[in-house]
Structures are given as structure tokens and as C-alpha cells.
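The values are calculated or read from the model by the stated rules, or taken from the named source; none is laboratory data. What you see is a predicted model; the values in this text were computed from it and never measured. Here Cβ is always computed from backbone atoms with ideal geometry, including for glycine, and neighbour counts include all displayed protein chains.
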Amino acid sequence: MLRIIHAADFHLDSPFAALPEDLAVLRRREQRELLGDLARAAAGADLMLLAGDLLDSSVCHAETAEAVEGFLDSLPCRVFIAPGNHDYYAPESPWGRMSLREHVHVFTHAHPEAVPLPDKGCTVWGAAFTSPRAGARLRDFRAGGEGMQLMVLHGDVGGAGGYGPIAEADIAESGLRYLALGHAHAFSDLRRSGDTLWAYPGCLMGRGFDETGEKGFLRLELSEKACDGEFVPLPGRRYEILPVDVTGAESLLSAVEAALPAEAKAHVYRILLRGQWPEKPKTEALAAALAGRCFHLELRDETRILADLWEDAGEDTLRGSFLRILKKKYDAAPEEERAAITLAARFGLAALDYREDL
């Protein structure tokens, strides 16, 4: 049974351009600190497969190169790296300049190469991006060698562009037991094409609102006949999108404060103000009132100006008829029942207008 850590898409030295510069600097430092968490998770592993885009570009800060070298040197297992489109291999690139120990192997050619590991009962294949673009991967490829056949690769399953497209049919014909992929930034779950298992672990840390939720790596126990895979989230700040319906709220501030979870202070939030409000929300004032409630906060106004709920009751339409029926019930109802009738009217109008929010 092989114990494997599969990770990808660290994107170290990302610009975090949407954040203030002081927070962007902090986020880049936190990216480097995550390497220590991943190193500790590798205790007891036989192999670590790193499927590209560990760096965000072909240049990096000196402290980032030092952190990567220190991280790789500290690992207690064999390590295989397949550079991606962001951190492609070239003699003058960071991968070409780093001094790495013998247990770390960086693939440097665009065509697949094999590294036999007789002591582990497997062969590890890999290939590199050697420029920011790459053609089809795995086309006409068939693994051969000793033991289980593994591959680490950066590429785009089902894609058709210049980021190393991979056809599922080619995965199925590859002869691989496991294909460790990078490029997609969301965990794909463990998948199968033919007899080949494959997965994207997703990125190691979210960097924007297109990368929300928990991020981490994949831990596998793999044999020729069995596979046990587990997604392992890493600690760190998350990006989260939070819709808040402000309809009927005492204030915008109270609506948002009620919706924000206790742990929001550690994370980056985009709050979507939805529903109906008497006037256009003053988002700058609201953001100032919420200062300190999140690591960083972005507000988006998606509200509609609050209209008189019953104003169309006089229309000779389905809408008017619906409102007249409920208005009659509302007028006759005791105070404690009126809120439910109001809510029913809002739901009905939303359905008639084909809206998701009230």
C-alpha cells in the first residue's frame, strides 16, 4: 500500500490585487506559512505528488524561493513536481535555479518521462509545461514499467485550449493506476476513467471569490486493487460569498450582523445585499460600521427600492386579483397573523415576476 500526498496550485506570490497592499503582503506570507502545514501532513507518506503552479509566475520573491526550498528539503518522502503554466520550467525559471536535494525530482520536459522506484513498487511519470502554453497531454501515451504506474501532470481534463488539454478517453487508455492532476482550483472528488483513478485536489489557498470555501490537499492509500482517498482541508483564511435579505429588517447593519457567522473575522467576505429596501443603501457607511467584523469585506448592492406591497391590487390582472385576495385576508387578520400573510404576498409576487429574492 502506497501512502501518497497529492497537492497542486499553491500560486505562491499571488498579487491579491483586490486587497489593500498591507493585507496582500500578509496573505502572501500566510501562503508561505501553509507550506509548513503541508510538510507536517506528509509524516508517514511514501510519495508527494505536486501537480504544478506552485508559484504564481515565472519570477518569485527571494523569501518565497527560500521557503519552497526549505519546504521541499524538509519532506520525509520522495517528491515529484510537474511544473504548470504559471511556473513553467525553463533554465532561467525558479525551478531551473533552485538547489534541491536528491529526493526531489522536477520534471523538465514536455513529453512524459518515467522514474522507476523499485523500493516503492511503482513507477512515477511526469511532464512539465516548458512555456505558458501546452498542447494535448496523454495523447498516444501508454505507461509501461515496474509496479504501479503513477503520473503527476498539470492539465485541463475536457479542455480544448492551450493549457494542456486531456481527453478522458486518453486517461482511460493510459495504463496508469493513478493520475495526479493540477490546474482546476476546486477539489474534483476521486474519479475513474477506464481503470485509471484521477483527481484534482484544488488549490491550497483561496485567493478570490471564484475560490470560495475550504482548500487543501488529497491523501491517498493506494494499491493495485484498492484506493482510499481523503480530502484534507488546511487551516487558513477563506473567501466566502454571503447573500443577506434585508427586506423588513430593522436596519441594514442589524441584517448583516445577524447573518455573519462568528468566525467571519478570520475570513474575506463578499456580502450581497438583496431584497427590498426603502432607499438605495449607503454601502460606504455600512462598510465603515462593519469594520473589524471580517478580515476584509466587500459589499454589493443588489436590492430593489421597496414598493407598496398592495399598490397593484387595483389592476384587472392576475397580479391584481392575487393581491386583492390577500389584502382582504390581511385587513381582516389579527396583528399576529399579518406578518405571515405579508410574507405569502411577497412570495407570490416573486413567483409572478420570476425572481429568486423577495
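A few points about this structure:
- The condition of being surrounded by 15 or more Cβ atoms within 10 Å (Cβ to Cβ), of a type in the set (Asp, Glu) and either in contact with a His (Cβ under 6 Å, 6 or more places away or on another chain) or within 28 Å of Gln31 (Cα to Cα) (or both) holds for only one of Glu240, Glu263, Glu230, that being Glu240.
- On the stretch given as region 329-354, residues that are surrounded by 12 or more Cβ atoms within 10 Å (Cβ to Cβ) and either outside any helix (DSSP H, G or I) or of a type in the set (Ser, Thr, Tyr) (or both) total 3.
- Output for region 294-326, where each listed residue is in contact with a helix residue (DSSP H, G or I) (Cβ under 8 Å, 6 or more places away or on another chain) and either aliphatic (A, V, I, L, M) or at positive phi (or both): Leu297, Leu299, Leu309, Ala313, Leu318, Leu323, Leu326
- All of Gly314, Gly248 fail the test of being surrounded by 14 or more Cβ atoms within 10 Å (Cβ to Cβ) and farther than 30 Å from Ala24 by Cβ, apart from Gly248.
- For region 6-18, the candidate set comprises residues that are out of contact with any Asp or Glu (no Cβ under 9 Å at 6 or more places or on another chain) and modelled with pLDDT of 95 or more; within that set, the residue that is nearest to Leu150 (Cα to Cα) is His6.
- Members of region 86-142 that are aliphatic (A, V, I, L, M), over 27 Å from Gly159 (Cα atoms) and in a loop (DSSP other than H, G, I, E, B): Met98, Leu100
- Which numbered condition Ala307 misses (of (1) outside any helix (DSSP H, G or I); (2) in contact (Cβ under 8 Å) with a residue 24 or more places away in the chain; (3) crowded, with 16+ Cβ neighbours inside 10 Å; (4) not basic (Lys, Arg)): (3)
- Residue selected from region 99-139 under the condition charged (D, E, K, R) and under 27 Å from the mean Cα position of the chain (by Cα), by the criterion nearest to Ile4 (Cα to Cα): Arg137
- Checklist (1) within 24 Å of Asp37 (Cα to Cα); (2) touching an Asp or Glu at 6+ places or on another chain (Cβ under 7 Å); (3) buried (at least 18 other Cβ atoms within 10 Å of the Cβ) applied to Gly164, failing item: (1)
Conditions tested, residue by residue: (1) closer than 21 Å to Pro112 by Cβ; (2) among the hydrophobic types (A, V, I, L, M, F, W, C).
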position	(1), (2)
Leu179	yes, yes
His185	no, no
Asp195	yes, no
Trp198	yes, yes
Leu204	no, yes
Glu211	no, no
Arg219	no, no
Leu222	yes, yes
Ala226	no, yes
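- Index of the failed condition, Ala180 passing every other in (1) touching a helix residue (DSSP H, G or I) at 6+ places or on another chain (Cβ under 7 Å); (2) of a type outside the set (Lys, Arg); (3) part of a strand (DSSP E or B): (1)
- Count of region 153-177 residues which are at pLDDT 95 or above, in a loop (DSSP other than H, G, I, E, B) and either hydroxyl-bearing (Ser, Thr, Tyr) or touching a Pro at 6+ places or on another chain (Cβ under 6 Å) (or both): 1
- Any chance His6 is assigned to a loop (DSSP other than H, G, I, E, B) and either under 30 Å from Glu224 (Cα atoms) or in contact (Cβ under 8 Å) with a residue 24 or more places away in the chain (or both): no
- Residues that are within 21 Å of Ile5 (Cα to Cα) and without any contact (Cβ under 8 Å) to a residue 40 or more places away in the chain within region 65-86 comprise Glu69, Gly70, Phe71, Leu72, Asp73, Ser74, Leu75, Pro76, Val79, listed in sequence order.
- Test: residue in region 23-43 that is farther than 30 Å from Arg270 by Cβ and crowded, with 20+ Cβ neighbours inside 10 Å: yes
- Pairs linking a residue in region 123-141 that is touching a residue at least 24 places away in the same chain (Cβ under 8 Å) to a residue that is basic (Lys, Arg) and buried (at least 24 other Cβ atoms within 10 Å of the Cβ), with Cβ atoms under 8 Å and 6 or more positions apart or on different chains, are Ala127/Arg137.
- So Leu204, is it touching a residue at least 60 places away in the same chain (Cβ under 8 Å) and part of a loop (DSSP other than H, G, I, E, B): yes
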